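Taking it in order: structure first as structure tokens, then the write-up.
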Amino acid sequence: MTRASVFTFLCFIPVLALAAACGGGDDGEPGGASLPEGFPEDLPLYEKATIQVATVHPEGAGFLVSMESEDSTDKVLAFYENELDKEPWQVENVVEIAEQETVIVEFARQDSPEEHGTLAIAAVHVDGQLSSISLQLFVAP
């Protein structure tokens with residue numbers, strides 16, 4: 001993972017966090033957002049996570065998704081390391097940032113490398129521990 005891709009992804013984490021704080025379902029409760037039209041159906045999403053925010057990338061070249069789970073970051077990471085390393089996806093790099101309790105997973109579609117993404121899994125210590133899952137996916141035009 002290049003420094004530029006890590007920096008770009010980390011810049012989007014506060015945007016997703018702010019959107020999650022402001023967003024919510026139709027009933028005014030947080031969470032329960034749905035995926036935008038065109039989101040790849042074969043991209044695995046953690047089943048025990050609630051989608052907080054899901055939107056089209058600001059430049060229209062992909063998607064941004066923010067989720068939360070009550071499961072541990074280790075459990076969430078194990079899921080993604082396993083599921084994103086199955087066809088048609090492939091894990092390309094995993095970087096642990098221990099001091100921030102964050103793991104970044106870089107992945108790509110095997111048959112279309114222009115379709116690639118970055119996933120950040122971070123521990124959030126508020127009323128116990130949650131796992132924050134932030135996904136940035138770029139798709140071929």
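Just a few scattered comments:
- Close pairs from the stretch 53-81: first at pLDDT 95 or above, partner aromatic (Phe, Trp, Tyr) and not in a strand (DSSP E or B), Cβ under 7 Å, at least 6 apart: Phe63/Phe39; Leu64/Phe12; Met67/Tyr46; Ser69/Tyr46; Val76/Tyr46; Phe79/Tyr46
- Reported count of residues in the stretch 40-74, each being in a loop (DSSP other than H, G, I, E, B), among the hydrophobic types (A, V, I, L, M, F, W, C) and under 15 Å from Ile133 (Cβ atoms), is 2.
- Top-ranked residue in the stretch 101-119 [being at pLDDT 95 or above and over 15 Å from Leu137 (Cα atoms); ranked as surrounded by the most Cβ atoms within 10 Å (Cβ to Cβ)]: Val103
- Among strands (runs of 3 or more DSSP E) entirely within the stretch 75-136, having at least 3 residues that are over 24 Å from Thr55 (Cα atoms) singles out 89-97.
The values are calculated or read from the model by the stated rules, or taken from the named source; none is laboratory data. Being a predicted model, the structure only gives us computed values, none of them experimental. Cβ coordinates were reconstructed from backbone atoms using ideal geometry, including for glycine residues, and neighbour counts include every protein chain displayed.
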